[in-house]
Amino acid sequence: MSFFLRSQAFVEGGAIPARYTCDGLNLSPQLAWAGVPAGTKSFVLVVDDPDAPGGTFVHWVFFDVSATTESLPEGPTAAKLGTAGINDFGKSAYGGPCPPKGRGVHRYFFTLSALDIPSFGLGPGATLIQVNQKMSGHVLGTAKLMGRYERR
């Protein structure tokens with residue numbers, strides 16, 4: 001079985017419901033994974049929008065998720081299962097899709113990386129650059145889920 005990521009909220013390539021965006025409750029969607037690579041000791045989740053006007057916009061950096069974790073629940077209770085880094089909204093939390101109105105559909109990539117180390121030793125508020133530096137040479141596998149959202 002290959003490493004994969006899925007959600008009860010939306011399907012691969014499908015529309016992300018407004019509930020998970022700035023137009024709704026801005027909750028992180030439920031996520032689950034399986035097919036974890038052997039030797040995994042932790043996970044990192046990054047959510048980004050490569051279609052943002054100023055270049056790729058980071059919506060969530062979430063790391064030090066235990067290898068025993070198989071899913072993240074919807075909403076803020078997910079925060080108890082790992083450590084949040086700083087997103088491009090300047091917050092240590094999930095920030096839902098919020099593209100400019102009338103600018104078309106944006107793609108949002110949920111990328112889960114399985115790592116061979118249990119922790120980065122970084123605290124809340126670490127940047128994506130810091131997380132990427134710590135991940136270097138430790139990624140055992142990556143699973144992706146892409147959803148779309150457009151503000152009208």
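The values are calculated or read from the model by the stated rules, or taken from the named source; none is laboratory data. These numbers come from a predicted model, not from an experiment. Using ideal geometry, Cβ is built from the backbone for each residue, glycine included, and neighbour counts are taken over all protein chains shown.
Would you confirm whether any residue within region 85-100 is of a type in the set (A, V, I, L, M) and touching a residue at least 40 places away in the same chain (Cβ under 8 Å)?
Scanning region 85-100, I find at least one residue that is of a type in the set (A, V, I, L, M) and touching a residue at least 40 places away in the same chain (Cβ under 8 Å), so the answer is yes.
Mind checking which residues of region 65-89 are in a strand (DSSP E or B) and over 14 Å from the mean Cα position of the chain (by Cα)?
S66
If you scan region 43-60, which residues turn out to be surrounded by fewer than 14 Cβ atoms within 10 Å (Cβ to Cβ) and over 14 Å from the mean Cα position of the chain (by Cα)?
If the condition is that a residue be surrounded by fewer than 14 Cβ atoms within 10 Å (Cβ to Cβ) and over 14 Å from the mean Cα position of the chain (by Cα), then P53, G54, G55 are the ones that fit.
Tell me, which residue of region 86-108 that is closer than 20 Å to Q130 by Cα and aromatic (F, W, Y) is surrounded by the fewest Cβ atoms within 10 Å (Cβ to Cβ)?
Our first condition is that a residue be closer than 20 Å to Q130 by Cα; within region 86-108, this holds for 86-95.
Among the residues that remain, those that are also aromatic (F, W, Y) are: 89, 94.
Numbers: F89: 16, Y94: 24.
The selected residue is F89.
Quick check, is A32 in a strand (DSSP E or B), of a type in the set (G, A, S), more than 23 Å from R148 (Cβ to Cβ) and at pLDDT 95 or above?
It is false that A32 is in a strand (DSSP E or B), of a type in the set (G, A, S), more than 23 Å from R148 (Cβ to Cβ) and at pLDDT 95 or above.
Among the candidates T83, T111, T40, T127, which residue alone is surrounded by fewer than 21 Cβ atoms within 10 Å (Cβ to Cβ), within 20 Å of T142 (Cα to Cα), of a type outside the set (K, R) and out of contact with any Gly (no Cβ under 9 Å at 6 or more places or on another chain)?
Working: T83 fails: out of contact with any Gly (no Cβ under 9 Å at 6 or more places or on another chain); T40 fails: out of contact with any Gly (no Cβ under 9 Å at 6 or more places or on another chain); T127 fails: out of contact with any Gly (no Cβ under 9 Å at 6 or more places or on another chain).
Just a single option satisfies the conditions, and that option is T111.
Is there a residue being in a loop (DSSP other than H, G, I, E, B) and within 18 Å of Q30 (Cα to Cα) anywhere in region 96-118?
Yes, region 96-118 contains at least one residue that is in a loop (DSSP other than H, G, I, E, B) and within 18 Å of Q30 (Cα to Cα).
Please count how many residues of region 1-29 are part of a strand (DSSP E or B) and surrounded by fewer than 19 Cβ atoms within 10 Å (Cβ to Cβ).
The qualifying residues number 3.
Only residues that are in a loop (DSSP other than H, G, I, E, B), among the small types (G, A, S) and under 21 Å from S2 (Cα atoms): list them for region 126-148, please.
Selection gives G137 alone.
Limited to region 106-121, what total is found for residues that are more than 15 Å from the chain's Cα centre (by Cα) and either modelled with pLDDT under 95 or of a type in the set (G, A, S) (or both)?
Going through region 106-121 one residue at a time, the tally reaches 3.
Name the residue that is surrounded by the most Cβ atoms within 10 Å (Cβ to Cβ), counting only residues in region 114-124 that are among the small types (G, A, S) and at negative phi.
A114
Just checking, how many residues over region 66-80 are at pLDDT 95 or above and surrounded by 19 or more Cβ atoms within 10 Å (Cβ to Cβ)?
Residues in region 66-80 being at pLDDT 95 or above and surrounded by 19 or more Cβ atoms within 10 Å (Cβ to Cβ): 1 in total.
In this structure, does F63 turn out to be more than 17 Å from Y149 (Cα to Cα), crowded, with 21+ Cβ neighbours inside 10 Å and not aliphatic (A, V, I, L, M)? So that I can check it myself, show each step before the final result.
Values: more than 17 Å from Y149 (Cα to Cα): yes; crowded, with 21+ Cβ neighbours inside 10 Å: yes; not aliphatic (A, V, I, L, M): yes.
Yes: the conditions hold for F63.
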